[in-house]
Amino acid sequence: MPPILRTVAELRARVSDWKAAGETVGVVPTMGALHEGHLSLARRARATCDRVIVTIFVNPRQFNNPADLEKYPRTEAQDAALLASVGVDAVFAPGPEEVYPRGFATNVSVSGVSEPLEGAHRPGHFDGVATVVAKLFGMTRADRAFFGEKDWQQLMVVQRLVADLNIPVTIEGCATVREADGLALSSRNRRLSAEGRARAPALVRAMQAATEAMRGGQAVPEALAEARAAVLAAGFETVDYLELRTADLLLPMERLEGRGRLLAAATLDGVRLIDNIPV
Ligand code: PAF
């Protein structure tokens, strides 16, 4: 089993030894409830860095809904066993008071790219993400950090953050891992009922159909409206957004030109699922 470190002091002691030996350090920030998507990030880190740290911290500052924070699955023993199979060097799993000690008063806020989509539907979410990610980079002194493309907007926010604050870490985005039927892996999938799980791939299927239609010449607003209707017809309760945006800055795209990204968030069985694909 990898050692589970609870304090910044313990973490820093290990990292100092590694750095003194000239070793490169990779970090995979997670909130636990690990699945194959997280493990693919850890394997990528294992393949490219001398030392690998996986952080497990359910970050209260990024939950705009307290019920969501409470319901978030916590499966540390299982997570540690999965990480042992990848061969990571350490798990950093601090408590909230270690990350946000008394008197903590700093907020990191990335404007622009964090504002639409998730930012509009989950006020404060990306401030929470940017704040904790900046802290994790400072704590781990990682040379490389690995994030899933499943949270595309988060990846863009983190890239902006490290560029703007000159944080010396290279961000690597890793492809979304999907079930055989196309559903993007997510810790939230385990909250779906059996029926919901069977319906869930309708989201990515509608997105793929819209992508093909747009590439085939269908007008963007029409293709998106049809995709939205298909998602609702498949039994999703709501669609928060299903939009074509520029891939990097996430600006609205009225027609297909350059690198686009189709991003969606929709609720099924009371579980909010997000996904995105390149267009
Ligand atoms: O993607 C996540 O699991 C979280 O947003 C992250 C990056 C670990 C920050 O808490």
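The values are calculated or read from the model by the stated rules, or taken from the named source; none is laboratory data. The shown structure was predicted, so the numbers you read here are calculated from the model rather than taken from an experiment. Note that we place each Cβ from the backbone using ideal geometry, even for glycine, and neighbour counts take in every protein chain shown. Note: accessible area is taken over every heavy atom of the protein model, side chains too, but ligands, DNA and RNA are not part of it. Shrake-Rupley method; radii C 1.70, N 1.55, O 1.52, S 1.80 Å.
Worth a mention:
- All of (1) surrounded by fewer than 19 Cβ atoms within 10 Å (Cβ to Cβ); (2) away from the ligand (no atom under 14 Å from the Cβ) hold for Leu83 with one exception: (1).
- Tabulated pairs, region 56-82, first within 19 Å of Pro94 (Cβ to Cβ), second of a type in the set (Lys, Arg) and away from the ligand (no atom under 12 Å from the Cβ), C-beta under 7 angstrom, 6+ apart or interchain: Val58/Arg74; Pro73/Arg190
- Residue count for region 120-133, restricted to those that are within 13 Å of the ligand (Cβ to nearest atom) and either of a type in the set (Asp, Glu) or over 16 Å from the mean Cα position of the chain (by Cα) (or both): 1.
- Residues in region 51-75 that are modelled with pLDDT under 95 and part of a helix (DSSP H, G or I) were compared, and the one that is least open to solvent (accessible area, probe 1.4 Å) is Asp68.
- Selection count, region 35-50, where residues are part of a loop (DSSP other than H, G, I, E, B) and free of Cβ contacts under 8 Å to residues at least 40 places away in the same chain: 1
- Of the residues in region 102-119, at least one is away from the ligand (no atom under 12 Å from the Cβ), assigned to a helix (DSSP H, G or I), at pLDDT 95 or above and within 17 Å of the chain's Cα centre (by Cα).
- Selection within region 90-100 - away from the ligand (no atom under 15 Å from the Cβ) and surrounded by fewer than 21 Cβ atoms within 10 Å (Cβ to Cβ): Glu97
- Any hit, region 189-196, residues being within 16 Å of the ligand (Cβ to nearest atom), of a type in the set (Ser, Thr, Tyr) and within 26 Å of Tyr72 (Cβ to Cβ): no
- Given (1) polar (S, T, N, Q); (2) surrounded by fewer than 21 Cβ atoms within 10 Å (Cβ to Cβ); (3) within 16 Å of the ligand (Cβ to nearest atom), number of the condition Gln208 does not satisfy: (3)
- Here region 134-172 is the region considered, the condition is being open to solvent by less than 50 Å² (accessible area, probe 1.4 Å) and in a strand (DSSP E or B), and the residue that is farthest from the ligand (Cβ to nearest atom) is Glu172.
- Breaking point among (1) in a loop (DSSP other than H, G, I, E, B); (2) open to solvent by 60 Å² or more (accessible area, probe 1.4 Å), for Asp17: (1)
- Within region 20-30, restricting attention to residues that are touching a residue at least 12 places away in the same chain (Cβ under 8 Å) and open to solvent by 40 Å² or more (accessible area, probe 1.4 Å), the residue that is farthest from the ligand (Cβ to nearest atom) is Glu23.
Condition check ((1) of a type in the set (Gly, Ala, Ser); (2) touching a residue at least 24 places away in the same chain (Cβ under 8 Å); (3) under 22 Å from Glu237 (Cα atoms)) across all residues:
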| position | (1), (2), (3) |
| --- | --- |
| Asp127 | no, yes, no |
| Phe147 | no, yes, no |
| Leu155 | no, no, no |
| Pro168 | no, yes, no |
| Thr176 | no, yes, no |
| Ser186 | yes, yes, yes |
| Ala200 | yes, yes, yes |
| Thr211 | no, yes, no |
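- Residue satisfying all of: in region 38-50; more than 18 Å from the chain's Cα centre (by Cα) and not aliphatic (A, V, I, L, M); least open to solvent (accessible area, probe 1.4 Å) among these: Cys49
- Some residue of region 212-235 being under 22 Å from the mean Cα position of the chain (by Cα) and either open to solvent by 70 Å² or more (accessible area, probe 1.4 Å) or at negative phi (or both): no
- Residue satisfying all of: in region 236-275; loosely packed, with under 14 Cβ neighbours inside 10 Å and charged (D, E, K, R); nearest to Ser187 (Cα to Cα) among these: Glu237
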